[in-house]
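A.B. asks: Input: one structure, supplied below.
Where a number appears in this text, it was derived from the coordinates with a stated rule and is not lab data. Since this is a predicted model, take the numbers as computed values, not measurements. Neighbour counts are summed over all protein chains in view; Cβ atoms, including those assigned to glycine, are modelled from backbone coordinates with ideal geometry.
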Amino acid sequence: MFINGEWRESSSNEWIDVNNPANGDLIGKMAKGTTSDTSDAIDAAHRSFTSWSKTPGKDRSRILRKWYELIIKHKEDIAKIMTSEQGKPMKEAIGEIIYGAGFVEWYAEEAKRIYGETIPSNSNNKRILVHKQPVGVIGAITPWNFPAAMITRKIAPALAAGCTAIVKPASATPLTAVKLFELLEEAGLPQGVANLIVGSANDIGEVLLNDERVRKITFTGSTKVGKMLMEKSSKTVKNISLELGGHAPLLIFEDADLDKAVEGTMSSKFRNGGQVCIATNRVYVQESIKEKYLSKLKEKVGILTVGNGFDNDTDIGPIIDKEGYDKINMHIKDAIDKGASIVTGGNGKHEGDCNDFGYFFIPTILDNANEEMIMMNEETFGPIVPVTTFKYEDEAIKLANDTNYGLAAYVFTENLSRGFKVTEALEYGIVGLNDGAPSTPQAPFGGFKESGIGREGGHLGIEEFLEVKYISIGL
Ligand code: ADP
């Protein structure tokens, strides 16, 4: 753990094993933080807030810039750690680190640009000023699917804004976080400003949520846990940002460029083996072009290589754990029972010597999907593409919006007015029009409906860590 600028073991002396999901190899042990360690981290963040919040933006910027440069310099090392604990192919791990570092670079720049306002008053003897100030100590809870980028996307804007932080990464992937924190220390971050603790989510979560000094919770993970955090945050009326589950539809109209649509399906679906909150979960293709689309897609999906992320030709790594693997199998069985047919794939292959690891899944296309199937309503988090058809534009929009989620959606059409009309009608926070990979540091990322609250990235992202103060001046 990294608390108050020091690397230390758990006060309970307990450790968490970190295993490679491809083969079960024990790759490291992480100190298992306790409730009292969490309180220490909050104490440290609270103490250091006084000075960090007053540190000029230019100086905060310089430290973040240094962190960015160190992450880029060490990207291969961090990627090796990430592939070891998370399983994704090395080329994707490097991609995530460059993407994640992009937030640090962006917010290093934004730290200098936290502007207020002056507002014209109704009388000559009053002046109205608006300042922005950091919200205070923040707790960041992050998932295992993007072990680096989900941390930088939260911590870079928080530190840029002048907040101090406690980060709790997922227990499956703490070592990438350790490496990022080593580099943050090397970049010269003052003692106590950012703290790292891993351990029982319930215990650590409870301490963070109950402490009135923690003024904000920022979370990426499941909708279930997000709702619980929101409820518990109400006790001390914390600020809250939630980036929760999604169920992305991908719509392909008959006027689409089919090659672009297939490319977009591949990039939105198969990154991280489909274990992505903005991954395509259901494809709606206009009836007249279904066969052509399926045959082109099958060609691309058929050549994906499944294996250990360290093998150069691997496109799809292991599923994170048995629970994830069982869920995919259950979704496929349910879909087949309800009338789906397999175009390619359809099964997993459990490999490795260790019973608890090596859960690989063959990239799968299912045809004749329908709205009754679980996978058409719930996140599958695996390399599975269910495909169904529609006849009319309005029907496609209605099907796409018929969900409690609202994170990402994708639309493929070469018709400009249709592109505008459909993207505007979709109840989603992120829409890719002829684009299967919309995430980028300068754009706002976040969801409608039960997919979340708030936005990460871009100039909006830093606002999540700022309070507005109105000063009324009588002359
Ligand atoms: P996922 O499995 O998609 O990552 P989770 O919501 O289970 O989604 O986990 C995301 C993060 O939330 C992880 O760091 C996990 O440890 C944490 N988490 C899970 N349950 C709780 C909880 N009760 N309180 C606080 N954090 C939690």
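A.B. asks: Does K179 count as more than 16 Å from the chain's Cα centre (by Cα) and of a type outside the set (S, T, Y)?
C.D. replies: Criteria met by K179.
A.B. asks: Further, regarding this structure: Only one residue in T83, T118, T164 is under 28 Å from T35 (Cα atoms) and hydroxyl-bearing (S, T, Y), so which one is that?
C.D. replies: T164 is the lone residue from the list that is under 28 Å from T35 (Cα atoms) and hydroxyl-bearing (S, T, Y).
A.B. asks: Scan (1) farther than 24 Å from E467 by Cβ; (2) within 13 Å of the ligand (Cβ to nearest atom); (3) assigned to a helix (DSSP H, G or I) for the single condition A261 breaks and write down its number.
C.D. replies: Of everything listed in (1) farther than 24 Å from E467 by Cβ; (2) within 13 Å of the ligand (Cβ to nearest atom); (3) assigned to a helix (DSSP H, G or I), A261 misses just condition (2).
A.B. asks: While we're looking at this one, here's another question. Among the strands (runs of 3 or more DSSP E) contained in the range 125-232, which hold 1 or more residues that are in contact with a Ser or Thr (Cβ under 6 Å, 6 or more places away or on another chain) and more than 9 Å from the ligand (Cβ to nearest atom)?
C.D. replies: 126-134, 137-141, 164-168, 214-220
A.B. asks: Just name the residue that is farthest from Q275 (Cα to Cα) out of those in the range 233-253 that are more than 14 Å from the ligand (Cβ to nearest atom) and within 21 Å of the chain's Cα centre (by Cα).
C.D. replies: Among residues in the range 233-253 that are more than 14 Å from the ligand (Cβ to nearest atom) and within 21 Å of the chain's Cα centre (by Cα), the one farthest from Q275 (Cα to Cα) is N239.
A.B. asks: Every residue in the range 393-442 that is small (G, A, S) and farther than 30 Å from M150 by Cα, please.
C.D. replies: Answer for the range 393-442, where residues must be small (G, A, S) and farther than 30 Å from M150 by Cα: A396, S417, G419.
A.B. asks: Checking the condition over 30 Å from I114 (Cβ atoms) and either charged (D, E, K, R) or crowded, with 17+ Cβ neighbours inside 10 Å (or both), which residue from T34, T38 passes?
C.D. replies: Unique residue meeting the criteria: T34.
A.B. asks: A follow-up question, please. Out of the residues in the range 109-124 that are outside any loop (DSSP other than H, G, I, E, B) and not hydrophobic (A, V, I, L, M, F, W, C), which is nearest to V468 (Cα to Cα)?
C.D. replies: E117
A.B. asks: Next question, about the same structure. Read through the list (1) surrounded by fewer than 21 Cβ atoms within 10 Å (Cβ to Cβ); (2) more than 22 Å from K58 (Cβ to Cβ); (3) over 14 Å from the mean Cα position of the chain (by Cα), then give the number of the only condition that L129 fails.
C.D. replies: (2)
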